[in-house]
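The values are calculated or read from the model by the stated rules, or taken from the named source; none is laboratory data. The structure presented is a predicted model; accordingly, all values stated were derived computationally and were not measured. Every residue, glycine among them, receives a Cβ derived from its backbone with ideal geometry; neighbour counts consider all protein chains shown. SASA here: full protein model, heavy atoms, side chains in, ligands and nucleic acids out. Shrake-Rupley method; radii C 1.70, N 1.55, O 1.52, S 1.80 Å.
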2 protein chains.
Amino acid sequence: MGKKVLVIEDDQELGAQIVKRLCDAGYEPTWWKEGRRLSRETLPDVDLVVLDLMLPGTYGMDILKDLRVFSEVPVLVLSARNDTADKVRALRLGADDYMTKPFWPEELVERVRARLRRPTLGRGDVVEVGALRIDRGRREVSVRGERVELTRLEFEFLAALAERPGEAMTRSSLAERVLDPERDGTERTLDVHVSRLRKKLGRGAFVETVWGIGYRLGDGRDE
Amino acid sequence: MGKKVLVIEDDQELGAQIVKRLCDAGYEPTWWKEGRRLSRETLPDVDLVVLDLMLPGTYGMDILKDLRVFSEVPVLVLSARNDTADKVRALRLGADDYMTKPFWPEELVERVRARLRRPTLGRGDVVEVGALRIDRGRREVSVRGERVELTRLEFEFLAALAERPGEAMTRSSLAERVLDPERDGTERTLDVHVSRLRKKLGRGAFVETVWGIGYRLGDGRDE
DNA sequence: CCGAAATCTTACGAATTCCTTACGCGCCGG
DNA sequence: CCGGCGCGTAAGGAATTCGTAAGATTTCGG
């Protein structure tokens, strides 16, 4: 069963070339001839993405950024720009490799193979909001790269908010979702957890209060 | 805390440059100024290897070949030869990346980072997490190169965790998978096995507890 | 500027969860 | 039959987390 590879490349010739080589190597490529903004819904179920940064319309770097919000799929970036700043940017944004055009397709295939023989960390979806990073799989949270230890409820609460970053959630729905119905917890209880959570996350209150409604996950920057 | 990186590079200037940058980035580099044949014993406990292919004496490609016999550690290859055939060869031999000189150290650091943010579960049946090595095929476990004898259940438990290094698994799913339904074992039983396992693996608790959830396989270094 | 309502913070006791040790049972090889 | 070994159970104790109360603080409407 070949692994699935999504190729996002507008150049007809290069794209066809890549797709063919990948097929020959036993993979199952899908070819998108134009860039689209990605979301959890529009991203097909693939094992790796080959992404050309120079696409008409959408800027590839934005696609990458979008992608990393909800997916940890390995990304191999292609670009005509042989510029260290660009490479660094792409890698920082979560790319796994960066190839400069022109290149020989053999090398691309080998690099794809090199990525795929490593485990991908079964998409333990990671949410990043500003300097805050929430890893649902590992149940880990870090702020500015530093680990923050959270209790179970604190994590659940944060994870609930992180599902829709920026959107407000009512106290009642949060309580319903986070608090165990058995262990009777009032809504007052939430306040306490929020308080403790904020203290742990440090200043730059990521958990913002929406007065009279509930809470919201902010990027801890503006305000 | 910082991941360990072995730099094998004979060029004084370039080597110093790389080492410095890696330090700045929070890694702990070790610098070998000459190539040596590697064996299970001589390879220090590192998380990644930066290997220059053009070394006096030993041919870098051989070092890589040796290495892959007994270790799945990620390898980033450096070379002055910008030749597709060479790249393909190195990648086929198990290299994870190939950079052509000259390059800017920033890019190297980013590529190192890109490799290390992925889990290192090797292909095949060998998993390496930090100083811990789990060989599913041979049912062998070693810490820092030293064999550790585990009972069947202890091994099963560890292997289950090792399937997703770093991810938290619930106690119930672990119990379900590891414990024999016949020999009814309560979830308390898990505690005991974990306890015994930890004692055998020594300090640097590889098996981390995720309070209220279950356990997780850590690299036994941070904290 | 005032009061009421909503929210924040802190401290503390209780409950949960987890760790460890000790012990007994059953299986196997000698 | 004996001893070693793997495994499950029980129990005490340690560590962590959770809920509540109560007082402080903030927000909003007027």
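Tabulated data
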item	result
The stretch B:65-80 - phi-based ³J(HN,Hα) in whole Hz, Karplus 6.51/-1.76/1.60, Gly and Pro as x	4, 3, 4, 5, 5, 10, 9, 10, 4, x, 10, 10, 8, 10, 7, 7
Placed amide H near A:VAL5: partners under 5 Å, 5+ positions off or other chain	A:GLU28, A:THR30, A:ASP47
Zero-based 10 Å bins, Cα pair distances in chain A, whole percents	7, 29, 27, 19, 13, 4, 0
Largest to smallest accessible area among B:GLU149, A:GLU110 [probe 1.4 Å]	B:GLU149, A:GLU110
Qualifying chymotrypsin sites (Phe, Trp or Tyr not before Pro) for the stretch A:17-78 [loop in DSSP, other Cβ within 10 Å: at most 15]	A:TYR59
Inter-copy spacing of A:ASP180 label points, which lie 7 Å from Cα along Cα→Cβ, given in nm from shortest upward	3.2
Qualifying GluC sites (Glu not before Pro) for the stretch B:1-104 [loop in DSSP, other Cβ within 10 Å: at most 11]	B:GLU34, B:GLU41
Surface accessible to a 1.4 Å probe, B:LEU38 within the full protein complex, Å²	20 Å²
Calculated from backbone phi, Karplus (6.51, -1.76, 1.60) coupling profile of the stretch B:155-171 in Hz, x at Gly/Pro	5, 4, 4, 5, 5, 4, 5, 6, 5, 9, x, x, 8, 7, 10, 6, 4
Residue among B:THR58, B:THR209, B:THR42 with the largest mean-square fluctuation in a Gaussian network model of chain B, springs linking Cα atoms under 10 Å	B:THR42
FRET efficiency for B:ASP191 and A:PHE70, using Cβ-Cβ distance with R0 set to 25 Å, rounded to 0.05	0.10
Percent carbon-and-sulfur accessible area, chain A, ignoring ligands, DNA and RNA, probe 1.4 Å	47 percent
Per residue accessible area in Å² of chain A, where ligands, DNA and RNA are left out and the probe is 1.4 Å	50 Å²
Nearest-10 value in Å² for the accessible area of A:ASP11, using the 1.4 Å probe	70 Å²
At 7 Å out from Cα toward Cβ: A:LYS33 inter-copy label distances (nm, ascending)	5.8
Rounded, prolate or oblate (a/c below 1.5 giving rounded, otherwise prolate when a/b exceeds b/c) for the stretch A:1-49 by Cα gyration tensor	oblate
On Cα atoms only, tilt of A:105-116 relative to the major axis of chain A in degrees	30 degrees
Solvent-accessible area buried by B and A, counting both chains, probe 1.4 angstrom, square angstrom	3000 Å²
Chain B: antiparallel DSSP beta bridges as a percent of all, rounded to 5	50 percent
Helix-derived mean residue ellipticity, 222 nm - over chain A, DSSP H n ≥ 4, -39500 (n - 2.57), to 500	-11000 deg cm²/dmol
Cα convex hull of the stretch B:134-218 - mean projected area over all directions, nm²	5.4 nm²
Under 5 Å, built H, 5+ apart or other chain: amide partners of A:ASP97	A:VAL75, A:VAL77
Förster radius 35 Å - calculated FRET efficiency between A:ARG171 and B:SER172 (Cβ-Cβ, nearest 0.05)	0.70
Cleavage-rule hits (trypsin sites (Lys or Arg not before Pro)) in the stretch B:1-61: DSSP loop, at most 15 neighbouring Cβ within 10 angstrom	B:LYS33, B:ARG36, B:ARG37, B:ARG40
Per-copy distances of the A:ASP219 label point, shortest first, in nm (7 angstrom along Cα→Cβ)	2.9
Gyration tensor verdict on the protein assembly as shown (Cα atoms; rounded if a/c is under 1.5, prolate if a/b is larger than b/c, oblate otherwise)	oblate
Listed residue pairs exceeding 28 Å between alpha carbons, taken from B:LYS33/B:LYS199; B:LYS20/B:LYS101; A:LYS20/A:LYS87; A:LYS20/B:LYS4; A:LYS4/A:LYS87	B:LYS33/B:LYS199; A:LYS20/B:LYS4
Three-way shape label, the stretch B:4-116, alpha-carbon gyration tensor, a/c 1.5	rounded
